[in-house]
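Asks: Please find one structure pasted underneath; my questions will follow.
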Amino acid sequence: MTFVYQEARLSNGLLVVGEVDQSTHTAAAGFFVRTGARDESSNIMGVSHFLEHMMFKGSAHRTALDVNNDFDEIGASHNAFTSGEMTAFHAHVLPEHIFTAIEILSDILRPALRDEDFEEERGVILEEIAMYEDNPFMRLYEKMMETYYKGHPLSHRVLGTKQTVAALPKDEMSTYFFNRYAADNMVLAVAGPIDFEKVKLEAERLCGQWPRGKPGRIQTPFTPTPSEFTHVMPNTNRAYLGMMMPAPALGDSRRYASSLISQIVGDKEGSKFYWSLVETGLAEEASCSYEGRDGVGEYLVFAACENQNVAKVEKRLRAEMEKLGEALQQEELDRARARIATEIALASERPSGRMHRLGSQWAYGLPPIPIEIEMERIEKLTLNDLRQCLQEFPLKPAVVGRMLAPQG
């Protein structure tokens, strides 16, 4: 497949980007907004995610039922998500329905924010928060993020807390919407057998009157403070262990080496953690992931095991990370490179994957990088490149968290 990249900027600052390939059998479109939990003040934590829910409650022209019916009529696979750094609304359809999909998406991005919908959805989100509190991994992860990013807005929970969601006034949501959902803080990404010039004209018709803004993003200087915590979580029968440490930001060229490092040390099958902890029966799970963000990044190490094995698991994880630089083997690099290349290729085979990649790159402030270029950069990495990255970003946990099962 040969995708041709195109872009255009509307008069109000909305960016339209696309990867066009007339040989594909589906098309995809998505609006990506550079706003998430890190762009909220602490007292309205969760408003980005709450607002995402409200988009599907309808506009001045559609009810919530209309939104669902209209997507169903064109057979759309549609969804939305909110993270710490972006919010996205997207649809994957047959090519003949792409302009209808764009029209529905653009319409719901001007939500009615009705009082009755607001209160109803508040209850839904409070239930969602309660569900997360029953998930040991999510409780551990959220506590680790709060501890690791203490004093930085990335410590904010995406869903917010029971207190912030219960107390959020609708007026605050409206103000947040007008500040963050400005035309020049959004991108429309499309992919597939699309007439890009027509997409641009349609975007101007549908979105050209959206106001500009100056939302920006505060890049808070950050250095994690070493910390540990241990909590007992009721109604669990195993222990959960997490470690977090600095890694390159997503805009840093060393992110490719970090991705390979996390694969080698902590992929769920065939990694050093797997053979040392899972295959030996010491832990049920053991993994390492790299998370690049806007301006910062981190590695997350996670393990699950029996309570009595926590100390042994922690010691084994630290040992594997400490010796990684000298223990790296060429065959491990080759396998990790092949796995990442396969993941990239699989994600890019469908227009929906291309659309998500384009929108996410923009949301993180990255230039559009062709998949072929990224594959080439990964292919050129050597063991020395990985060792250099490990020297600059050593796998030494800054934060260690433990969620233990009750004794007895």
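Asks: For region 272-281, state whether one or more residues are part of a loop (DSSP other than H, G, I, E, B) and acidic (D, E).
Replies: yes
Asks: Based on this model, can you work out whether S360 counts as assigned by TED's automatic domain parsing to the domain that holds R293, over 23 Å from G295 (Cα atoms) and either crowded, with 19+ Cβ neighbours inside 10 Å or in contact with a Ser or Thr (Cβ under 8 Å, 6 or more places away or on another chain) (or both)?
Replies: no
Asks: Please count how many residues of region 130-163 are part of a loop (DSSP other than H, G, I, E, B), small (G, A, S) and out of contact with any Gly (no Cβ under 7 Å at 6 or more places or on another chain).
Replies: 1
Asks: Residue check, A80 against (1) buried (at least 22 other Cβ atoms within 10 Å of the Cβ); (2) under 27 Å from P153 (Cβ atoms); (3) aliphatic (A, V, I, L, M), all met but one. Which one?
Replies: (1)
Asks: Any residue at all in region 303-318 that's among the aliphatic types (A, V, I, L, M), under 17 Å from I261 (Cα atoms), touching a Leu at 6+ places or on another chain (Cβ under 6 Å) and in a helix (DSSP H, G or I)?
Replies: Taking every residue of region 303-318 in turn, none turns out to be among the aliphatic types (A, V, I, L, M), under 17 Å from I261 (Cα atoms), touching a Leu at 6+ places or on another chain (Cβ under 6 Å) and in a helix (DSSP H, G or I).
Asks: While we're on this one: Please go through region 111-149 and give me each residue that is modelled with pLDDT of 95 or more, under 21 Å from H231 (Cβ atoms) and acidic (D, E), ordered by number.
Replies: E142, E146
Asks: Is it the case, given these coordinates, that G123 is within 26 Å of G216 (Cα to Cα) and out of contact with any strand residue (DSSP E or B) (no Cβ under 9 Å at 6 or more places or on another chain)?
Replies: no
Asks: Next question, about the same structure. Tell me, yes or no, whether region 180-191 has at least one residue that is basic (K, R) and in the same structural domain as G123 (by TED's automatic domain parsing).
Replies: Yes, region 180-191 contains at least one residue that is basic (K, R) and in the same structural domain as G123 (by TED's automatic domain parsing).
The values are calculated or read from the model by the stated rules, or taken from the named source; none is laboratory data. Since this is a predicted model, take the numbers as computed values, not measurements. For neighbour counting, all protein chains shown are included, and Cβ atoms are generated from backbone atoms with ideal geometry for every residue, glycine included.
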